[in-house]
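Colleague: Take a look at the following structure, please.
Laboratory data are not the source of any read-out in this text; all were calculated from the coordinates shown. What you see is a predicted model, and the numbers here were worked out from it, not measured in a lab. Here Cβ is always computed from backbone atoms with ideal geometry, including for glycine, and neighbour counts include all displayed protein chains.
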Amino acid sequence: MSAVYIAGKSIKQGLSKNVLKNVSFIQIRFIRKEKESRYLGFYKRRLPSPEYWARKEKYRSTVLKPLEEIPSLEDRLKELNAPDPVLDRKIDIGFSRSEKKNITIQDRLDWQKACKISKTQLSDENELRKIDLATIKKDSFELEGSVQLQNLAEHYGIYSHLYQHGYFTPRVPLNIRYDYDEDYVSPVHSGNILQASEVSKVPNVSFDSKPDDLWTLVLTNLDGHLLDTNSEYLHWFIGNIKGDNLKSGEIVCDYLQPFPMRGTGYHRLVFVLYKQNKKIDFSSMKRSIPCLSLEQRTFKTFDFYKELQDFLTPAGLAFYQCIWDESLTDFFHDTLNMQEPIFEYIEKPLYIKPQVHFPHLEPFNLYLDRYRDPKEIKKEVLLKRLKAIEPFQEEPPMPKYPCLHKPDNYLFSWQKRDMYKERMRYGKYRDLRPHSVYPQEDNQFPYLTKA
């Protein structure tokens, strides 16, 4: 190999390296200029250095913020949905809290003395003492019960539905009970759940009042209107009640039992007790008795209170949640003379791949059930359930320990798994569970849930 060839080869390699270096440097420089021009709007060579660096620092401080300084999605949603201090301001439309009495030292000494006497009376184990629950409930309501009831009503969205931006603190406790039969009653607490069959009769309402006070009692369903979601159904309206005697009042609208439609979940039924400062003429609001027209029972509490806010002040509140049961089917047909509305969620049919003769890695029992008629599977489960039910006896509850007995060792794994599902009422055996109003979770893998 000659020296001329070696020298030529080295010169060629040196030229190619220099060319590549220059080309890459030009490309990098061009890319940098393009990036700078994007956020600065000018090329570096066209700006003086101080102005260029000032714009660059401003860009870094405004656009290229660190991740810690960038607000999260939750912060942005809070900022967007923040209530307006003027438009969304809550207005108290009820009675103010009564001022506390000045407690003297003698009052405290008398209270301590009474506590000691009651303690000695209750300390005797051989003698039973009866406690007046009505007095305890009244004292607890005056201390914290009214505020707790207000918080519950805000949690269930009752104030915003009834009065939009208005609210009130219940000052008069309402005792409401539905007579279920001769032995049992269904009381109304703060949002408890009652079935439609339990509230079919007129409730017994009592409250503390002076003999000359005038009251108005209204019962509405906030979630039951079929046509207008912003309207309510009026179930009971009595005005000009003198004292605590409901029979002395004027029946504006007679009682109609709540009728939550099937598939609509829980409906909020709200009792509101208004105090009147004078006798009110309700002739323009009167409905026919009995009133079975849902159109006539359409009601808006906001419009009602807006019209009579100078004469009415809300003072008492009680509410419960009502749910559909089988008794409403006859109620819609016989009483309201209409077809029972049923609300169902129609899901898209699940896509199932075409069946093959030899499925790979598929449990054959589940694979075959996938291609069976669902009505046939439900019929098979229903027959199993009917075998365990006596026609004239109450349906037995689910066993407390369904998997207490070990299955036979000579069973296959898929048979044991199917027996486990049948005992626990999972999967296709869900219909073996006793009838219950309250929803039950179908958790097939309890060991995966957190403790």
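Colleague: Could you give the length gained on full extension between residue 104 and residue 362, defined as 0.36 nm per residue of separation minus the Cα-Cα distance, in nm?
Modeller: Values: separation 258, 0.36 × 258 = 92.88 nm, distance 8.17 nm.
So the extension gain works out to 84.7 nm.
Colleague: Set the Förster radius R0 to 30 Å, insert the Cβ-Cβ distance between residue 415 and residue 382 as r into 1/(1 + (r/R0)^6), and round the FRET efficiency to 0.05. Walk me through the intermediate numbers first.
Modeller: Numbers: r = 22 Å, r/R0 = 0.72.
The formula returns an efficiency of 0.90 here.
Colleague: Whole Å is fine, so just give me how far the alpha carbon centre of the stretch 276-307 lies from that of the stretch 308-334.
Modeller: Here the two parts' Cα centres lie 14 Å apart.
Colleague: Kindly give Rg over Rh for the stretch 224-350, based on alpha-carbon atoms, with the Kirkwood expression for the hydrodynamic radius.
Modeller: Details: Rg = 17.0 Å, Rh = 16.6 Å.
Using Cα coordinates only, the ratio equals 1.02.
Colleague: Another question, if that's okay. Would you mind putting 386-394, 175-183 in packing order, based on average other-beta-carbon counts within 10 Å, highest first? List each step's numbers first, then the result.
Modeller: Working: 386-394: 7.6, 175-183: 12.9.
Ranking, from highest mean packing down: 175-183, 386-394.
Colleague: Enumerate the aspartates and glutamates that residue 137 could reach by cross-link, defined here as Cα to Cα under 20 Å, with residues fewer than 8 away along the same chain left out.
Modeller: 208, 244
Colleague: May I pose another question? Just how far, in whole angstrom, is the stretch 72-94 from the stretch 196-218 if you go by their alpha carbon centroids?
Modeller: That distance is 36 Å.
Colleague: Next up: What list of ³J(HN,Hα) values in whole Hz, one per residue of the stretch 156-163 in order, does the Karplus curve 6.51 cos²θ - 1.76 cosθ + 1.60 (θ = phi - 60°) give from phi, with Gly and Pro shown as x?
Modeller: Running phi through 6.51 cos²θ - 1.76 cosθ + 1.60 with θ = phi - 60° gives 7, x, 6, 5, 5, 6, 7, 10 Hz.
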